[in-house]
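What follows is one structure encoded as structure tokens, with my remarks underneath.
The values are calculated or read from the model by the stated rules, or taken from the named source; none is laboratory data. The shown structure was predicted, so the numbers you read here are calculated from the model rather than taken from an experiment. Note that each Cβ is placed from the backbone with ideal geometry, even for glycine, and that neighbours are counted across all protein chains shown.
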Amino acid sequence: MMGRPGLIKLTARKRAELEATVARSSAPAGLVRRTRVVLLSADGESGVEIASRLDLTPEAVSRIRRRFRADGIAGLTDRPKTGRTDNKVPVATVEKVVQLAMGPPPPGRSRWTTRLLGKAVGLSSKCISKLLRENGLKPHLVRTYKVSRDPEFAAKVEDVVGLYLDPPTNAVVLSVDEKTSIQALERTQLPLPLRTGRASRHTHDYKRHGVLDLFAALEVATGKVTHTLSESHTAADFLAFMKKVERQYPGRELHVILDNSSTHRTPDVQAWLAEHPLIRFHYTPTSASWLNQVEGFFGILGKQSLSATNFPSKKALREHVAAYMRGWNRNPTPFAWTKPADAIIKSRKRMLDRISAAVH
């Protein structure tokens, strides 16, 4: 590979590798430049000519050639930058930052900030931010959680998830719930529409025109939704809705998944169930509304239909929701439940163990 000073000889294989590096659009610019030095040298160009063509000094061309002669193609890759190493944060300090960030904040504070952590350990806010990123810690973010304390949690989860994953033959499984207090809000000024380079805009203040309650029954197998909008959500309203649902599925065996609201267990509701043996209620555990699939539909409804929409009256709200439901039911989308019951039960147990061992 060596000959007279500056001359580099390449095998066909090495030349192909180097040319592929130059052609690769994602290759670092420095690596491409050093690779071109080697290729031009192999073509017989002098160091001065190469330096002029690539905007390098002749000394830089010589260094690149020496790196290639010594280490081959690997010698052309970027090398670690030289510089001070005495500013590296000691391991003990990193551990202290991590323990502080995961512990309670100072009195009067709701959370740690990078400046507070920096003052506590004698580091800059920027350095603390880097350490937190490296250790996957985000003290500025807070998420909520709720663990069910229902003593029948396991049995109820197995019952509901069983309906999702292995529904009874020739029966209809329905996920039922209420979305309460949907507000008919009208912005005090007309919204400004979407424009190129600018988001749509609306005012923050509004007029209230009242609220409506939405009852919905999601057919788990098909995604089809039966709904009713009501002025209230009493037990009588719920029973009236269930009678409507029954009329939608005449003579069918119905398995209805719903939460533990008191309106679902009144004597009138229980008497109606006794008169309709083909209809059976399956209750989710307390504090586990996420187990009810219709909650996912309510989330989609809120984002796609109700968010940032003007409603000058409750009538307008009714018509808007009805239009959305018609469109949904023309092409309904079922939700595919994938998590087995035993995984949910084990996850809850782990969370309860964490709560009992948490330091406050």
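Do we have any residue at all in the range 176-199 that's touching a helix residue (DSSP H, G or I) at 6+ places or on another chain (Cβ under 6 Å), under 17 Å from HIS282 (Cβ atoms) and at pLDDT 90 or above? Yes, there is a match, as at least one residue in the range 176-199 is touching a helix residue (DSSP H, G or I) at 6+ places or on another chain (Cβ under 6 Å), under 17 Å from HIS282 (Cβ atoms) and at pLDDT 90 or above. The helices (runs of 4 or more DSSP H) found entirely in the range 85-148 that carry 1 or more residues being loosely packed, with under 11 Cβ neighbours inside 10 Å are 91-102, 125-134. The residue that is surrounded by the fewest Cβ atoms within 10 Å (Cβ to Cβ), among those in the range 17-33 that are among the small types (Gly, Ala, Ser) and under 17 Å from LEU56 (Cα atoms), is ALA29. Close contacts from the range 179-200, counting a first residue that is of a type in the set (Asp, Glu) and a second that is surrounded by fewer than 13 Cβ atoms within 10 Å (Cβ to Cβ), with Cβ to Cβ under 6 Å and a gap of 6+ residues or different chains, come to GLU186/LYS207. In the range 238-254, is there at least one residue being closer than 27 Å to ALA341 by Cα and either among the hydrophobic types (A, V, I, L, M, F, W, C) or part of a loop (DSSP other than H, G, I, E, B) (or both)? There is at least one residue in the range 238-254 that is closer than 27 Å to ALA341 by Cα and either among the hydrophobic types (A, V, I, L, M, F, W, C) or part of a loop (DSSP other than H, G, I, E, B) (or both).
The residues listed here are ARG280, ARG247; of these, the one that is surrounded by fewer than 16 Cβ atoms within 10 Å (Cβ to Cβ), farther than 28 Å from TYR324 by Cα and of a type outside the set (Val, Ile, Thr) is ARG280. Among the residues of the range 288-347, those identified as of a type in the set (S, T, N, Q), at pLDDT 90 or above, in contact with a strand residue (DSSP E or B) (Cβ under 9 Å, 6 or more places away or on another chain) and assigned to a loop (DSSP other than H, G, I, E, B) are ASN292, GLN293, SER313.
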